[in-house]
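Single-structure report; data block below.
Where a number appears in this text, it was derived from the coordinates with a stated rule and is not lab data. Computed from a prediction, not measured in an experiment: that's the story for all the values here. We place every Cβ from the backbone using ideal geometry, glycine too, and count neighbours over all the protein chains shown.
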Amino acid sequence: MSEETSTADLRAQMPGAWARFRKSYLLYSFKRDPVAQLCLLIFIIITIAAFGAPWWAPTDPYDLTGIDIMNSELPPMWLDGGDAAFPLGTDAQGRDLLSTILYGTRVSLLIGFGAVAMQCVLGILFGLLAGYFGGIIDATLMRLADIQLSFSTLMVAILVGAIVKASFGNLMFGQVALILLILIIGIAEWPQIARTVRASVLAERSKEYVDAARVMGFRAPRIMFRHLLPNTLSPIFVIATVQIANAIISEAALSFLGLGMPETQPSLGSLIKSGFDYIQSGAWWITLIPGAVLVVLVLVINLLGDWLRDVMNPRLHKG
Amino acid sequence: MIPSEITQPTDQATTSPRHDPSTLLSIRGLRKRFNLSGNWLEQLHFSKGRLTRRQEYVHAINGVDLDVARGEALCVVGESGCGKSTVARTVMGLISPSEGEIHFDGTRIDQLSAHALLPWRRRMQMIFQNPYASLNPRMTINRILEEPITFHNPSLNRGDVQDKVQEVMSSVGIDPEWGGRFAHEFSGGQRQRISIARALAVDPEFIVADEPISALDVSIQAQVLNLMRDAQQARGLTYLFITHDLAVVEHFATRVAVMYLGTLCELAPRDTLFSTPRHPYTQALLSAIPRLSDGHPTPIRLTGEVPTPVNLPSGCVFHGRCPYATARCREDIPALKTYGDARVACHALEEGRL
Amino acid sequence: MALLDVRQLDVRFSSRGKAVQALRGIDFSLERGERLGIVGESGAGKSVAAFSILNLIAHPGFIAGGEITFDGHHLNRMSERQLRKIRGDRIAMIFQDPMMTLNPVLTLGAQMIECLKAHRRISTREARQIALDKLNLVQIPSPERRLDQYPHELSGGMRQRIIIAIALLLDPDLIIADEPTTALDVTIQAEIMALLTELCDTQNVALMLITHDLGVVSQVTRRTLVMYAGRIIEQGPTREIINDPQHPYTQGLLDALPQMATPGERLNQIPGAMPSLNNIPPGCAFNPRCTFATERCTREVPHFVSTGGTQVACHMVEAMLAKEKAHDTV
C-alpha cells in the first residue's frame, strides 16, 4: 500500500487537544491582536472581582445592619468630603458604592450568562429541529420565532413582572427576581440563536458527511446532536458572546425601569437607577460610576465577540 | 409509459418481480420529481383575473429499470443533470422515489421505515464524491470509523471494535496509527480512502459510489480506483458506480448504463458498448472523450441545447440534439429493445436507419 | 521576439507570518499565435503562474522575484493603471467558472458594450456591432437575442462561449484559459475546445491553456509544460511529451490514466501525493514518489537537459544522456 505524504512527519506530531489548541488559528490570532488581549484581560478582571466580591468587598451591601444612613451620599475618596473607608463614595442609603458595584456586577453577569445559557438551550434545540427536518416543523418554529421577536423583551418583562408581583407580592418578587430575569431575557431572545443555528444546519446538512450518517442508518437525534451540532458551534459561540452583552444591557434597562432587580439586591442597572434622582443634587457618582462599569463591561464583551467573528469566519482565513 | 420489459410484461411492473438469485438490486419503473414551486403560498399565481395554483417539477428520473447482478460493477454514465446521482441517492434511501420500486436481494426496500431498513443499511453502503465534505470535520478518524461499527454491532466490546477499525484502515492503506487525527489533516486521496474504509467498516456486499474520483487528481484517481478494485476482489463486492468519465467506465465497469435526461438510452456490457456503441447519444459521448493518441476521429458535433428536466421534450428525450431524429422520435417514447447483448432505446435503430 | 517571456518567476504566499513558495523560479516563453498547455495536479502552481502574469494574485500571495515581459513591456514593474490597459485589451482571461467573469445583474450586451467602451473610444452602436460580430464568431445561435439576455438564462456551454466572445472583444494577443472546460460535460467540452483551437488559428491569438487534463492538452496545444510542486519539470512539443515522456512524473501521470491501461486491469499508480507547499522535499521535489530516485535526487535540484525537442529536469535522464554521449564518443 502506498504512503501519502511523509509518514514519519505525520506521526511525529500526534496531537492532543491541548497541542491542537496551541497550534490553532484562534490562539495564533489572539497572540497578534492587542485589542483582544486587553479586552479579555479586562473581562477576566471584572469577572473575578465580581464573583469574588464576598472575599474582598469592603462591606456587604446585602447586610442591612452594616449600613449607616449618616454615611449616605458621601463622594469618592479623592473628592472633598470623601472618606477613605468608602473609596468610591456611598449611595443614598449609605452603602459603600465599591461593594455595591462589585455585587451588582456579579448579579449582572449572572443574569447575562444565565439568560444566554437559556437562549442556547432553546435556540439550539429549535434551530436543530427546524434546520434538520425542514418543512412544516421548520415553518412552525420559525413563525414562532418571528412572533417571539415581535414581542420586545420589555413587553415580556412587564407582563411577567406584573403577573408575578400581583400574585406573590413584592417581597416574593425580590426573591425570585434573578431567576425570573434569566427566564424573561432567555425566552425573549432565543430566536437569535435559533436562526443562527438553523442557518448553519442548513449549510451543513447539504454536506455529504450527513448523507453518510443517514446511509449508516443513524437516527435523527444522533445525527443532529453528534454530527451537526459540533459543526455549528463556531457561529453559536460568536453570537452567544454578543448575546451576553445584549442580555446585560437588557437587564440594566429593565432594572432601570423598575422591572428588574430590586434595590435590596442591586444589579448595575438598578444602581444606575437609584442614583439617577441624585444627579441633580450633585451626587453624580452614584449613577456615573456603575454606568461606566456597565459601558466597559459591554464594550469588552462586544469587542471580543467581533474578534471571534473575524477569527471564526472561514472565508477570511485558510488553515 | 415505459414498458419494463426486462424480465416481465408491463402489467406486472408494480408487483414484486420474481427474484432471480443472481440479481442483487433491481430497480423497476423508477421516477423522481422534485417540486420546484416552494410552499403553497409561493405556488399561487394570478393570471387572467384568476388565482391559480401552479406547480413546477424537475423530472430527474423518468422511468428507469435496471438490474445489478451480484459481483458486477455496473457503471451509470451521463452528463450533468441526467439523473444518475438521483438514481444513486434513491437506491440508498436518501431520497424517496415518486414512483417505482427498489428491490434488494428480493425484498422491496423503498417503502421500509427507517427502523425496518436498518438490517439492509449494513449490507449496502455509499461512497461520496467530495472527500472534503464527506468526513465530519469535528470527528477523529477513529470516531468516524468506530461509530458505524458499534452502531451496527452493539454486542462487540471495545477491543473488538478497535481491531475492526485497525483492520479496515490498513485495508485501505491508511496507517492505523493516524486514527487520532482529524480529516483536514489528510490529503484528498487519503480522505477518499477513509471514506471507503467507513463504507467497508460494516462489511457491506453492495456499494453505491457517486462520482468517487472526480474530485481527485489524476495520479490519485488511479490509486483510489485500484483500491476499489482490490476491495471488490477481496470482499466480493457489487458496485453501482456513478460517473461522467467514460475513460474510467471503460476501465472499471463490467456493464454500462448510459443515461440522458432521466432516461436509460443504452445498457450493454463494457466491451460491446465501447466497440459498437448503438445509441446516437452513446456514439457522440464516446467520440468526445479527449484521447491522448493522435489520429482519432473528430468528435460528433451535437446540435442544439440540452433541454432542461423541467420541461421534458415529448417523445425521445434526445430528439432535439439527435442527427437521426424523425417525426416519430418527437412523438413516441422509445422502449429499450435487445440488440445482441445490448439493450438500446432508439427508434432509428429499431427501424434500421442506423 | 517572444510575445510573452517569463524569467525566474518566484511567487510566495504568506501564512501566519511565514512565506511559502508557490512558484520556485519558472522560465518559459510563448510565441505569437502559439498554443501552450500548462499541466499539473492541484498544488503544482499552474494557476498561480497564470494569475501572476496579470498580477492577479490575491492578497496573501505576492510576486517575490522574476521578470514577466509581454511584447516588450515589463508587466511586473507596471503600475496598476498601466496594467489595467494590458488586461482585457492585450491579454484576456477565461476562468473555469463563467460566472466569475459575468455580472449576473447586467445583460450580456450591456457587459460587452461596457467592456468595449472602457478600452476604446467608440459609440454604443459601434460597440454593439462589434459584440454581435464576436458572438457570431463563437457560433452562438441568434446572437441578436443573446445581447438582451442575462447570464442565468444560458446553459453552461453557452455561457462559456459568451466568455470566449468577451475574451475576443478587444482582439487580444494572448488568451489565458484556466481550466476552461473542467465544469462542462464531455460533449460540450469537445465543442468548446474545437472552437478555441479554431479561433486561435483564425484570429492569430496565442493561447495559454491551464488544465489538469492531459487529453485536452494533447488535443489543443502544440507545446506543453508539465509542472510539479512549483517548478517546471518537463517542457517541449505536446506530441513528443505525450508519446515519449521523459520525466518519471510525466510518465507516471500518463500511465495512471484509465485510457492507457488494459480495461479491467489494475492501473499503474504513482505512490503518494503532491507535497504541500510548506513541506517540499529537498532536491528534486518528486524524489519520495520516484522509483528511480537516487541519493543525488534528495540532495540536488535537477537542471534542464535537452533530449530531442523536450527539456527535462531529471538526474536520471541527465545521467542516461551523459552515458549515451560517452558511448558515442568512444
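Take the Cα of B:ASP160, step 7 Å toward its Cβ, do the same at B:SER98, and the gap between the two points is 4.6 nm.
For A:THR140 and C:HIS59, what is the calculated FRET efficiency with R₀ set at 45 Å and r taken between the beta-carbons, to the nearest 0.05? Please report the intermediate quantities before stating the final value.
On the way: r = 44 Å, r/R0 = 0.99.
Calculated value: 0.50.
Provide a whole-number value for the mean count of partner chain Cβ atoms within 10 Å of the Cβ atoms in peptide B:130-138.
On the way: counts 3, 1, 3, 8, 6, 4, 12, 5, 9.
Counting Cβ atoms of other protein chains within 10 Å of each residue's Cβ and averaging gives 6.
A Gaussian network model of chain B, with springs between Cα atoms under 10 Å, assigns the largest mean-square fluctuation among B:GLY78, B:GLY179, B:GLY38 to B:GLY38. Dipole size of the protein assembly as shown about its Cα centre, with +1 on Lys/Arg Cβ and -1 on Asp/Glu Cβ: approximately 820 debye, rounded to the nearest 20. The label-point distance for C:ASN103 and A:THR264, in a model that sets each label 7 Å from Cα toward Cβ, rounds to 6.8 nm. Computed from the C-beta positions of C:ARG120 and C:SER155 and an R0 of 35 Å, the FRET efficiency is 0.70 to the nearest 0.05. The residues neighbouring A:GLY131, those whose beta-carbon lies less than 13 Å from its own, together hold a net charge of +2 under the Lys/Arg +1, Asp/Glu -1 convention.
Relative to the dominant Cα principal axis of chain C, helix C:124-137 is inclined by about 50°. Pick from C:ARG289, C:ARG239, C:ARG120 the residue whose mean-square fluctuation is largest in a GNM of chain C, springs joining Cα atoms under 10 Å. For chain C, modelled as a Gaussian network with Cα springs under 10 Å, the answer is C:ARG120. Distance from the alpha carbon centroid of the stretch A:168-213 to that of the stretch A:18-96 works out to 29 angstrom. Return the FRET efficiency for the residue pair B:ASP294, C:THR182: r is the Cβ-Cβ distance, R0 is 22 Å, and the value is rounded to the nearest 0.05. The computed FRET efficiency comes out at 0.45. Calculate log10 I(q)/I(0) of the stretch A:113-313 for q = 0.11, 0.18, 0.19 Å⁻¹, where I(q) comes from the Debye formula with a single equal point scatterer on each Cα and nothing for solvent. The computed values of log10 I(q)/I(0) come out as -0.61, -1.18, -1.25. Amide H contacts for B:ASP105 (H built 1.01 Å from N in the peptide plane; partners 5 or more residues away or on another chain; cut-off under 5 Å): B:LEU25, B:SER26. Each peptide in B:335-344, B:168-177 was scored by the mean count of other Cβ atoms within 10 Å over its residues; highest first, the order is B:168-177, B:335-344.
Length available on full extension from A:LEU64 to A:ILE158: 0.36 nm per residue minus the Cα-Cα distance, which gives 31.0 nm.
For a straight C-alpha distance cut-off of 23 angstrom, the lysines reachable from C:LYS117 (same-chain residues fewer than eight places away being disregarded) are C:LYS85, C:LYS134.
For chain B, what is the Kirkwood estimate of the hydrodynamic radius, computed as the reciprocal of the mean inverse distance between distinct Cα atoms, to one decimal in Å? If you can, show how the numbers build up before the last one.
Details: mean 1/r = 0.0455 Å⁻¹.
About 22.0 Å, per the Kirkwood formula over Cα pairs.
Helix C:186-203 axis versus longest C-alpha principal axis of chain C: approximately 80°, rounded to the nearest ten. Sequentially through the stretch B:161-170, phi angles give Karplus couplings (6.51, -1.76, 1.60; θ = phi - 60°) of 4, 4, 4, 5, 4, 4, 4, 6, 5, 5 Hz, Gly and Pro residues having no value and appearing as x.
Close amide-amide hydrogen proximity is noted between C:ILE176 and C:ALA92, C:MET93, C:ILE94, C:MET208, each under 5 Å apart and 5 or more residues distant or on a separate chain (H modeled in the peptide plane; Pro and chain starts excluded). For C:ALA22, the amide hydrogen comes within under 5 Å of the amide hydrogens of C:VAL11, C:ARG12, C:PHE13, counting only partners 5 or more places away or on other chains and with H modelled in the peptide plane.
As a ratio to 2.2 N^0.38 Å, the alpha-carbon radius of gyration computed for the protein assembly as shown takes the value 1.14.
Measure nothing fancy, just the Cα-based angle from helix C:108-119's long axis to the longest principal axis of chain C, in degrees from 0 to 90, nearest 10. Relative to chain C, helix C:108-119 is tipped by roughly 80 degrees.
Considering only Cα-Cα distances, which of the following residue pairs are longer than 25 Å: A:LYS23/C:LYS18; A:LYS207/B:LYS84; B:LYS84/B:LYS337; C:LYS18/C:LYS46; B:LYS84/C:LYS46?
Working: A:LYS23/C:LYS18 14 Å; A:LYS207/B:LYS84 18 Å; B:LYS84/B:LYS337 21 Å; C:LYS18/C:LYS46 22 Å; B:LYS84/C:LYS46 32 Å.
Violating the 25 Å limit, Cα to Cα: B:LYS84/C:LYS46.
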